[in-house]
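Visitor: Have a look at the structure that comes next, please.
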Number of protein chains: 2
Amino acid sequence: MAQYESLIKHLQDRIELSEEEMNQFVSNFKIKKIKKRQFIVQPDFVAKHRNYVVEGALRAYVVNDEGQEHTIAFAIEDWWISDYNSYIYQQPATMFVMALEDAVLLQIDFETEAKLKKANPKFETFFRITAERTAAFFQRRIITNLTSSAEERYDKFTNQFPLIANRVPQYALASYLGMTTEFLSKIKNNKLKK
Amino acid sequence: MAQYESLIKHLQDRIELSEEEMNQFVSNFKIKKIKKRQFIVQPDFVAKHRNYVVEGALRAYVVNDEGQEHTIAFAIEDWWISDYNSYIYQQPATMFVMALEDAVLLQIDFETEAKLKKANPKFETFFRITAERTAAFFQRRIITNLTSSAEERYDKFTNQFPLIANRVPQYALASYLGMTTEFLSKIKNNKLKK
DNA sequence: GGTATTTCATAATCTACTTCATTTTATAGC
DNA sequence: GCTATAAAATGAAGTAGATTATGAAATACC
């Protein structure tokens, strides 16, 4: 059950649970192993799961009419990922969620999560805290995007998430930061010269 | 108690409460009347309240080092507003929240909200749903900002929020959409010509 | 281990949007 | 209603970042 250890710690950092409650909670998560380049969410299909990353790296992105990809989220160890809108409203997804590396996930499906929340208010609290922090995180990203230049956005990202910056393809990071891969290349190059 | 009617409806649309539970919930909100240009949140002070708008319009914005204002959120009737990060983490705010018109709010403070959530799991559920929808809303904005041109962002906003678009100052809307007021003016003008 | 395929780098050209400066229009306060 | 002030419109000039094109380096895969 080594795969569950990090999720257990994740929970303990957020709410207080007895051993029994903890077991009840995590036993509803199923281990899912996926290979690099494999999709766990695709447009037009409902995102059935909330995914906790035990190991590996994933990327959520949308593709616009011109075929350009825009990275919406990354996830590495101890992060959650899904098509957020699709999951909470249980409506067709607009995103792809793909493994950038072989990965091990812990998945819970929407109905099971609903049952858990009904069974114990502490579980409801956990998902409330998670949603609040997600909202706060998204809002910080909105603020950064509105107030910073391309180079500043890159600097902030590498400072905040050094482990992600050096682990994902440059084109994926560039589109997450709202710039082209060519321009990100130029930014990196300018830094080397200084 | 006319002021509480819209909040009651807001709650009924999201969770099922008995009359008694409803009264318990809303009685913790205090009526706050503010004048145009008045601030309810300022940088360096902790945002103590979650604010529900009964009447009026408000704007949350940040000011960067160069003195430029960037609108982060609007709120009109039946919307919530605060400095989200400041409120949920109870840390100093980075935003201003100001009334664009005379307004009537219903305010709950952080500690009272915590008590409510402890008192009844249904209340916890309400805040969980609210946070989830907030996160989903923010993510849709991130996606729009990454994938659309200035004109497309303006079109989407006016389609989705026609009541807001025509009610707030142009400079506030422009900075919400991530462009200058001059450029928004030009976009509007181009539409008139067509 | 060699070849096909991705990914990244570099550079020239282009454009969506900004900046700055000025005028016109709307709003607020007495 | 009149004046002061803020907001919006207009236009010229400038720039951050996109686009396009090409080659080099890294990675995947049989």
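The values are calculated or read from the model by the stated rules, or taken from the named source; none is laboratory data. Predicted, not measured: the structure shown is a model, and the values here were computed from it. Positions of Cβ are generated from backbone atoms using ideal geometry, with glycine treated the same way; all protein chains shown enter the neighbour counts. For accessibility, only protein heavy atoms count, side chains too; no ligands or nucleic acids. Shrake-Rupley method; radii C 1.70, N 1.55, O 1.52, S 1.80 Å.
Visitor: Towards the positive end of the charge dipole of chain A, with charges on Cβ (+1 Lys, Arg; -1 Asp, Glu), say which of A:Ala103, A:Tyr87, A:Pro121 has the farthest Cα.
Guide: Result: A:Ala103.
Visitor: Whole angstrom only: what separates the Cα centroid of segment B:1-21 from the Cα centroid of segment A:140-194?
Guide: Cα centroid to Cα centroid, the span is 45 Å.
Visitor: In sequence order, what are the phi-derived ³J(HN,Hα) couplings for segment A:61-73 according to the Karplus relation 6.51 cos²θ - 1.76 cosθ + 1.60 with θ = phi - 60°, rounded to whole Hz, with x for glycine and proline?
Guide: My calculation for segment A:61-73 gives 8, 10, 10, 8, 4, 7, x, 6, 8, 10, 6, 9, 7 Hz in order.
Visitor: Relative to the longest principal axis of the C-alpha atoms of chain A, give the angle of the C-alpha long axis of helix A:150-160, reported between 0 and 90° and rounded to the nearest 10°.
Guide: The two axes meet at around 40 degrees.
Visitor: Additional query: Could you name every residue in segment A:57-96 that has 40 Å² or more less accessible surface in the full protein assembly than in its own chain alone (probe 1.4 Å, ligands and nucleic acids excluded)?
Guide: With the partner chains in place, segment A:57-96 has these residues losing at least 40 Å²: A:His70, A:Ile72, A:Tyr84, A:Asn85, A:Ile88, A:Tyr89.
Visitor: Something else about it: Could you state the angle between the C-alpha long axis of helix B:121-147 and the longest principal axis of the C-alpha atoms of chain B, as a value from 0 to 90 degrees rounded to the nearest 10?
Guide: Compared with the principal axis, the helix lies near 10 degrees.
Visitor: To the nearest 100 Å², how much accessible surface do chains B and A cover up together, summed over both, with a 1.4 Å probe? Don't skip to the end; give the middle numbers.
Guide: On the way: alone 11490 and 11470 Å², together 19790 Å².
The contact between A and B buries close to 3200 Å².
Visitor: Using just the alpha carbons, could you tell me how many Å³ per residue the convex hull of segment B:2-122 encloses? Mind dumping the intermediate values first?
Guide: Numbers: hull volume 11.8 nm³, N = 121.
Taking the convex hull of the Cα positions in segment B:2-122, it is 98 Å³ per residue.
Visitor: Do me a favour and compute the ellipsoid semi-axes for the protein assembly as shown from its Cα gyration tensor, root of five times each eigenvalue, largest one first, whole Å.
Guide: Here the semi-axes work out to 32, 31, 19 Å.
Visitor: Any idea of B:Lys36's accessible area? Nearest 10 Å², probe 1.4 Å.
Guide: 110
Visitor: Give the residue list of chymotrypsin sites (Phe, Trp or Tyr not before Pro) in segment B:1-74 that are DSSP loop and have at most 14 other beta-carbon atoms within 10 angstrom.
Guide: Filter output for segment B:1-74: B:Phe45.
Visitor: Express the carbon and sulfur contribution to the solvent-accessible surface of segment B:2-122 as a percent, rounded to the nearest whole number, probe 1.4 angstrom.
Guide: 47
Visitor: For the pairs B:Lys48/B:Lys186; A:Lys35/A:Lys122; A:Lys115/B:Lys9, flag any whose C-alpha to C-alpha distance is greater than 30 Å.
Guide: Long pairs (Cα-Cα over 30 Å): B:Lys48/B:Lys186; A:Lys35/A:Lys122.
Visitor: Just to check I understand the Karplus step: with θ = phi - 60° and J = 6.51 cos²θ - 1.76 cosθ + 1.60, what whole-Hz values come out for segment A:46-53, glycine and proline as x?
Guide: 6, 6, 7, 10, 9, 10, 9, 8
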